[in-house]
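Bear in mind these aren't lab numbers, they're just calculated from the coordinates by the rules spelled out. Computed from a prediction, not measured in an experiment: that's the story for all the values here. We place every Cβ from the backbone using ideal geometry, glycine too, and count neighbours over all the protein chains shown.
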Amino acid sequence: MKLKTVWLPALALLAMPALAQQPRWTVETLPPPAPTTPDPNSYANPYRAEAGFLKLSEGRVMGSTSAVATDSKGHIWVADRCGVNSCAASTLDPIMEFDSQGNFLRAFGGGMFNFPHGFFIDAKDNIWITDARVANGRGGQVFKFSPEGKLLLTLGTAGVAGAGTNEFSEPNAVLVAPNGNIFVGDGHEAGRGNARIMKFGPDGKFLKQWGSHGFAPNQLEVPHALAMDSKGRLFVADRWNNRVQVFSQNGKLLKSWFQFGRPSGLFIDRNDVMYSTDSESRVPVGYGYNPGWKRGIRIGSVRDGKITAFIPDAEPEPDKGATSGAEGIWVGRDGTIYGAQVKERAVVRYTR
């Protein structure tokens, strides 16, 4: 089945000026919910979940996290928000390394972050992480560390939120392409700040950007996560718009997909299987409005866009919370899925 780009109703476009002023929520000020044919919640779940497998250093408790990844050795890396949901007032090291069995190895990055958010490990096992909040003279940056914790590269200006080529408002996600080019998803608030994808060279030199606020096919609202397939296509979790946008590396829109839910996190493995976390879909009109869709992890091929499995959220009716279940996601070379959870302050792994 060949999936075509979906053009959204003009009604949604007319609502954008009101959205920018954050009015009372109505159906007209929110993007249309994703279509629910076929039933997006009916797929089999071949996985079992396991929480509590990470053995933290003595006295440490896990905080909220949307950042988890594995390296070439199978080690598990997590950036938590310093035992709570913010590192702004903490000197704890948020970036933690564990072996494949979950035993703690090391940590670093204390005093550098406000709000660790997006995570990526490149082909050389370098650690990339975004700080998605600006406060106290820091934040709004993207950092590259060696596996030993040495700072190698910084993008953005510390403590400055802006729309310039060396500024971010709220950098959500970072991804490094095989050729070394760096992509950043910038903008965590619908109708405020930025809503763009930024592209940099391997040395951090700005190359180009694309995206603006809105619901139209070439627009974005909260580009929350990034992934790349074997063809080099860039997949963007356009979370507020309940869709995945697929671009060329130069910003040409190729597809708009709605079958992967309201995506908070994305990961594409070496077989072009995509894993999409939906941590926000809910029925009431308001934040997360996407009736007919349940939260969880949807799995399918980017070659044909077909969903093959669905891991449902452990909280089946999450109408009272903004988020639940996995937000960040990574899949190890052995097929183990790791989900980073904000509300539950945990990392859960899923095995067949």
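Charged side chains reduced to their Cβ positions (Lys and Arg at +1, Asp and Glu at -1) give region 248-348 a dipole of some 280 debye around its Cα centre. Charges were assigned to the Cβ only: +1 to each Lys and Arg, -1 to each Asp and Glu. The resulting dipole of region 10-351 about its Cα centre is roughly 480 debye. Among the listed pairs LYS199/LYS255; LYS150/LYS255; LYS208/LYS306; LYS55/LYS255, give every one whose C-alpha distance is greater than 30 Å. Table pairs above 30 Å Cα-Cα are LYS150/LYS255; LYS208/LYS306; LYS55/LYS255.
Annotation: amide H of ALA309 within the under-5 Å range of ILE299, sequence separation 5 or more or interchain, hydrogens built in the peptide plane.
Where is the GNM fluctuation largest for the chain (alpha-carbon springs, 10 angstrom cutoff): LYS205, LYS231, LYS294? Among LYS205, LYS231, LYS294, the largest GNM mean-square fluctuation belongs to LYS231. Would you mind classifying region 159-261 by shape? Square roots of the alpha carbon gyration tensor eigenvalues, ordered a ≥ b ≥ c; an a/c under 1.5 is rounded, otherwise it is prolate if a/b is larger than b/c and oblate if not. Oblate.
Checking the a/c ratio against 1.5 first, then a/b against b/c, what shape does the Cα gyration tensor give for the chain? Here the chain falls in the rounded category.
Between the residues TRP293, VAL236, GLY325, the greatest Cα displacement towards the positive end of the dipole of region 215-352, with unit charges on the Cβ of Lys, Arg, Asp and Glu, is found for VAL236. Cross-link partners for LYS231 among the aspartates and glutamates, with Cα-Cα distance under 18 Å and sequence neighbours closer than 8 places in the same chain left out: ASP122, ASP269, ASP272, ASP304.
The distance linking region 93-129 with region 197-232 is 23 Å (Cα centroid to Cα centroid, whole angstrom).
In summary, the aspartates and glutamates within cross-link reach of LYS343, defined as a Cα separation below 14 angstrom excluding same-chain residues under 8 places away, comprise ASP80, ASP278, GLU280, ASP313, GLU315, ASP319, GLU327. Per-residue packing, averaged as other Cβ atoms within 10 Å, sorts the ranges 329-340, 208-219, 112-123 into the order 112-123, 329-340, 208-219, beginning with the highest. Once backbone amide H atoms are built at 1.01 Å from N, PHE168 has THR157, GLY162 as its partners under 5 Å, excluding neighbours fewer than 5 places away on the same chain. Counting only DSSP H runs of at least 4 residues, each contributing -39500 (n - 2.57), and dividing by the residue count of the chain, the helix-based mean residue ellipticity at 222 nm comes to -500 deg cm²/dmol. Need one word for region 205-291: rounded, prolate or oblate. Basis is the Cα gyration tensor (sqrt eigenvalues a ≥ b ≥ c); a/c below 1.5 gives rounded, then a/b vs b/c decides. Cα axes put region 205-291 in the oblate bin. Take the chain, mark every one of the GluC sites (Glu not before Pro) that falls in a DSSP loop and has at most 16 other Cβ within 10 Å, then report the longest stretch left between them, sites excluded. The longest uninterrupted stretch comes out as 190-352.
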